[in-house]
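**Student:** Mind having a look at this structure? Questions to follow.
The values are calculated or read from the model by the stated rules, or taken from the named source; none is laboratory data. This is a predicted model, so every value here is computed, not measured. When we count neighbours, we look across all protein chains shown, and the Cβ atoms used for this are built from the backbone with ideal geometry, even at glycine.
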Amino acid sequence: MVNVSEKNITKRSATAQATMYLGTSIIQHFENDELTTKKGPVFQTAIIAGIQAVKKTSELIPMCHPLLISGVDIDIDIISTTRIRVLCTVSIEGKTGVEMEALTGASTCCLTIYDMCKALSHEQRIEEIKLLKKTGGKSDYHYGEKAH
């Protein structure tokens, strides 16, 4: 692991986005922006799984530092007749960033949705997972902006 003992404690945050194709056969089962399968409420369960994954990132990614997370915000939205978007924002006051935590949270949300919906269709797929932005530390990053 990288030695961060000389770094200053700063407010840091990161937002990751994952998009997922569910298809019309799954989306049509949603009522009031939620789907309940035999395993339970899909989005609510995925959000809990994403939060758990954020907290356990250092156990999954070998070189990540264990962190005292200040906050996690996960939103799941239906963005078309076939697709959803997961946004996972993680915040901390610490010496290292939370990009991996945000990416892990968004990924785990999608994996949970896949697991809970696979009885309805195996056509679903996780299409893209990316870091949208990070703030704090040496520099900020916003997806699509050129580095200064």
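Conditions (1) farther than 10 Å from Thr15 by Cα; (2) in contact (Cβ under 8 Å) with a residue 40 or more places away in the chain, marked per residue:
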| residue | (1), (2) |
| --- | --- |
| Gly71 | yes, no |
| Ser80 | yes, no |
| Val90 | no, yes |
| Ile126 | yes, yes |
| His142 | no, no |
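**Student:** While we're here: Can you name every residue in the stretch 1-40 that is part of a strand (DSSP E or B) and either polar (S, T, N, Q) or at pLDDT below 95 (or both)?
**Tutor:** Correct list: Thr10, Ser13, Thr15, Gln17, Thr19, Glu31, Glu34, Thr36, Thr37, Gly40.
**Student:** Within the stretch 14-36, which residues are out of contact with any strand residue (DSSP E or B) (no Cβ under 8 Å at 6 or more places or on another chain) and small (Gly, Ala, Ser)?
**Tutor:** Gly23, Ser25
**Student:** Report yes if some residue within the stretch 136-144 is surrounded by fewer than 19 Cβ atoms within 10 Å (Cβ to Cβ), of a type in the set (Gly, Ala, Ser) and within 17 Å of Gln17 (Cβ to Cβ); otherwise report no.
**Tutor:** Looking through the stretch 136-144, at least one residue is surrounded by fewer than 19 Cβ atoms within 10 Å (Cβ to Cβ), of a type in the set (Gly, Ala, Ser) and within 17 Å of Gln17 (Cβ to Cβ).
**Student:** Mind listing whichever residues of the stretch 45-68 are within 27 Å of Asp33 (Cβ to Cβ) and touching a strand residue (DSSP E or B) at 6+ places or on another chain (Cβ under 7 Å)?
**Tutor:** Ala46, Ile47, Gly50, Ile51, Val54
**Student:** If you scan the stretch 103-148, which residues turn out to be under 30 Å from Thr36 (Cα atoms) and of a type in the set (S, T, N, Q)?
**Tutor:** Thr104, Ser107, Thr108, Thr112, Ser121, Gln124
**Student:** Just need a number here: residues in the stretch 100-123 that are touching a strand residue (DSSP E or B) at 6+ places or on another chain (Cβ under 6 Å), of a type outside the set (A, V, I, L, M) and crowded, with 21+ Cβ neighbours inside 10 Å. If you could, list the steps in order and put the result at the bottom.
**Tutor:** Quick first cut of the stretch 100-123, residues touching a strand residue (DSSP E or B) at 6+ places or on another chain (Cβ under 6 Å) only: 101-103, 105-107, 109-110, 116.
Then keep just the ones that are of a type outside the set (A, V, I, L, M); that gives 101, 105, 107, 109-110.
Remaining after also requiring crowded, with 21+ Cβ neighbours inside 10 Å: 101, 105, 109-110.
The number of residues fulfilling the criteria is 4.
**Student:** What number of residues within the stretch 69-88 are touching a strand residue (DSSP E or B) at 6+ places or on another chain (Cβ under 7 Å) and either basic (Lys, Arg) or surrounded by fewer than 20 Cβ atoms within 10 Å (Cβ to Cβ) (or both)? Show your work before the answer.
**Tutor:** To start, the set of residues in the stretch 69-88 that are touching a strand residue (DSSP E or B) at 6+ places or on another chain (Cβ under 7 Å) comprises 69-79, 82-88.
Adding the requirement that they be either basic (Lys, Arg) or surrounded by fewer than 20 Cβ atoms within 10 Å (Cβ to Cβ) (or both) leaves 69-71, 73, 75, 77-79, 82-83, 85, 87.
Residues flagged as touching a strand residue (DSSP E or B) at 6+ places or on another chain (Cβ under 7 Å) and either basic (Lys, Arg) or surrounded by fewer than 20 Cβ atoms within 10 Å (Cβ to Cβ) (or both) within the stretch 69-88 amount to 12.
**Student:** Quick one: which of Ser58, Ser80, Ser70 is modelled with pLDDT under 95 and hydroxyl-bearing (Ser, Thr, Tyr)?
**Tutor:** Checking each option against the conditions leaves just Ser80.
**Student:** Also: Condition check: in contact (Cβ under 8 Å) with a residue 24 or more places away in the chain, under 18 Å from Lys118 (Cα atoms) and either hydrophobic (A, V, I, L, M, F, W, C) or surrounded by fewer than 13 Cβ atoms within 10 Å (Cβ to Cβ) (or both). Does Thr19 satisfy that?
**Tutor:** It is false that Thr19 is in contact (Cβ under 8 Å) with a residue 24 or more places away in the chain, under 18 Å from Lys118 (Cα atoms) and either hydrophobic (A, V, I, L, M, F, W, C) or surrounded by fewer than 13 Cβ atoms within 10 Å (Cβ to Cβ) (or both).
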